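The values are calculated or read from the model by the stated rules, or taken from the named source; none is laboratory data. Keep in mind that this is a model prediction, so the values were computed, not measured. So basically every Cβ, Gly included, is an ideal-geometry build from the backbone, and we count neighbours across all protein chains shown. All accessible areas refer to the heavy atoms of the entire protein, side chains included, with ligands and DNA or RNA removed. Shrake-Rupley method; radii C 1.70, N 1.55, O 1.52, S 1.80 Å.
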Amino acid sequence: QVQLVESGGGLVQAGGSLRLSCAASGRIFKTYGLGWFRQAPGKEREFVASITWGGSAYYTDSVQGRFTISRDNAKNTVYLQMNNLKPEDTAVYYCAARQSFTAAPTADRYDSWGQGTQVTVSS
């Protein structure tokens with residue numbers, strides 16, 4: 001497992017942007033599949049985006065075209081650039097890692113989780 005620490009959350013107006021970062025420990029970070037999930041109050045944790053070791057990215061439909069996931073293996077960091085934010089994007093955002101070259105869209109496929117960072121989008 002790796003240890004993950006998210007940062008970059010905050011309060012933003014609708015239409016604004018935020019960039020989340022997730023720093024990971026571990027020498028084999030580059031071999032991990034990585035994902036971002038979010039959980040709004042009273043709702044289940046949901047998939048947002050994922051990226052394979054090779055950089056192939058996948059998104060849930062509601063964020064396609066607005067969010068971009070990327071990774072910097074030299075810095076052991078995965079990012080989530082969020083543009084044109086909407087009030088419905090308000091949630092706690094979590095990064096996750098799995099010991100696989102591939103990524104996955106379900107939370108149960110991930111081995112390690114960060115503590116989460118709050119994103120609040122005002123209308």
Quiz prompt | In segment 67-81, the residues that are in contact (Cβ under 8 Å) with a residue 40 or more places away in the chain and either at positive phi or touching a Gly at 6+ places or on another chain (Cβ under 9 Å) (or both) | solution = N76, V78, Y79, L80
Quiz item: Pairs under 8 Å by beta carbon, first residue on the phi > 0 side of the Ramachandran plot in segment 96-122, partner assigned to a strand (DSSP E or B) and of a type in the set (S, T, Y), six or more apart or different chains?
Solution: G116/Y93; G116/Y94
Practice problem: Of the numbered conditions (1) under 29 Å from S123 (Cβ atoms); (2) modelled with pLDDT of 95 or more, I51 fails exactly one; give the number of that condition. | Solution: (1)
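Please report, ordered by residue number, the strands (runs of 3 or more DSSP E) entirely within segment 17-123 with at least 1 residues that are open to solvent by less than 20 Å² (accessible area, probe 1.4 Å), out of contact with any Leu (no Cβ under 8 Å at 6 or more places or on another chain) and among the β-branched types (V, I, T). Spell out the reasoning first.
Values: elements: 18-24, 33-39, 46-51, 57-59, 67-72, 77-82, 91-98, 117-122.
Ranges flagged: 77-82.
Scan segment 21-40 and tell me whether some residue there is within 26 Å of S122 (Cα to Cα) and touching a Gly at 6+ places or on another chain (Cβ under 7 Å). I'd like the intermediate steps shown before the answer.
Looking only at segment 21-40, we keep the residues that are within 26 Å of S122 (Cα to Cα), and these are 21-22, 35-40.
With the extra rule that they be touching a Gly at 6+ places or on another chain (Cβ under 7 Å), the set shrinks to 21-22.
Yes, some residue in segment 21-40 is within 26 Å of S122 (Cα to Cα) and touching a Gly at 6+ places or on another chain (Cβ under 7 Å).
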Exercise. For segment 3-34, name all the residues that are within 15 Å of T117 (Cα to Cα) and touching a helix residue (DSSP H, G or I) at 6+ places or on another chain (Cβ under 8 Å).
Key: A23
Quiz item: Which members of segment 58-106 meet the condition of being within 25 Å of A14 (Cβ to Cβ) and of a type in the set (K, R)?
Solution: R66, K86
